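Worksheet: one structure, shown below.
The values are calculated or read from the model by the stated rules, or taken from the named source; none is laboratory data. All figures in this text were calculated on a predicted structure; none of them were measured in a lab. Backbone-built Cβ (ideal geometry, glycine too); neighbour counts: all protein chains shown.
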Amino acid sequence: MRSTLKQMPDIERALSRLALGRGGPRDLGTLSNGLIHATKVEGLLEAQILPSLLSRVTVDLLGHDDLCSELGSALVAEPPLLARDGEFVAASYSATLDEIKSLRDKARSVIARMQAEYASASSISTLKIKHNNVLGYFIETTAAHAQRMLAAPLSATFIHRQTTASAVRFTTVDLGELETKILNAAGRATRA
């Protein structure tokens, strides 16, 4: 019994930090571990002869299975101290969060796939998706291929943005939406 009590985390401290809005992922982990240990303590006390007041209170140590299960599946094994550090929600817990993290971590491959799709749809193998700090993401092709992209039916998809001496730059609605998602993914992954 003594070793079980020694393993019991400081639930009261974690709860007070969470109640004051100062808690973090590690406090949620502490709460989860504490509730698991509380069930073990109740099991040990159940076999003891206890004063009536204490035996009535031990019932409160039970009934937290749903919360323990939810926290167990939501949190990684070793959550960080602060929520702003991110990466404390377990993979596969939230499909939305997994999609955001995937977009944040694999933006280059997503852009490469989109580039291949646009190159195939336009039959322009030299078409490239590039990025700069002024325009953001854009589709670039040579001036020789630009006329084809400015004419129907490709003009319905590709929107002209800029003409330079050696290239013509376009965008699409899908590329604009993807750019917004990529730019916001890192912040959303931490806040979600």
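What the table below lists for this structure:
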| read-out | value |
| --- | --- |
| Unique residue being in the same structural domain as ILE182 (by TED's automatic domain parsing) and in contact (Cβ under 8 Å) with a residue 40 or more places away in the chain when the list is ILE124, ILE129 | ILE129 |
| Enumeration of residues in the stretch 46-63 that are of a type in the set (Val, Ile, Thr) and closer than 21 Å to GLY34 by Cα | VAL57, THR58, VAL59 |
| Of all residues making up the stretch 92-124, the number that are assigned to a loop (DSSP other than H, G, I, E, B), of a type outside the set (Ser, Thr, Tyr) and surrounded by fewer than 17 Cβ atoms within 10 Å (Cβ to Cβ) | 1 |
| Helices (runs of 4 or more DSSP H) contained entirely in the stretch 1-69, each with at least 1 residues that are under 30 Å from ASP85 (Cα atoms), in contact with a Pro (Cβ under 9 Å, 6 or more places away or on another chain) and at pLDDT 85 or above | 25-46 |
| Which listed residue is among the aliphatic types (A, V, I, L, M) and either in a helix (DSSP H, G or I) or in contact with a strand residue (DSSP E or B) (Cβ under 8 Å, 6 or more places away or on another chain) (or both), from VAL134, VAL168 | VAL168 |
| Residue match in the stretch 76-87 (condition: farther than 30 Å from THR142 by Cβ, outside the structural domain of ILE182 (by TED's automatic domain parsing), within 10 Å of the chain's Cα centre (by Cα) and not small (Gly, Ala, Ser)) | yes |
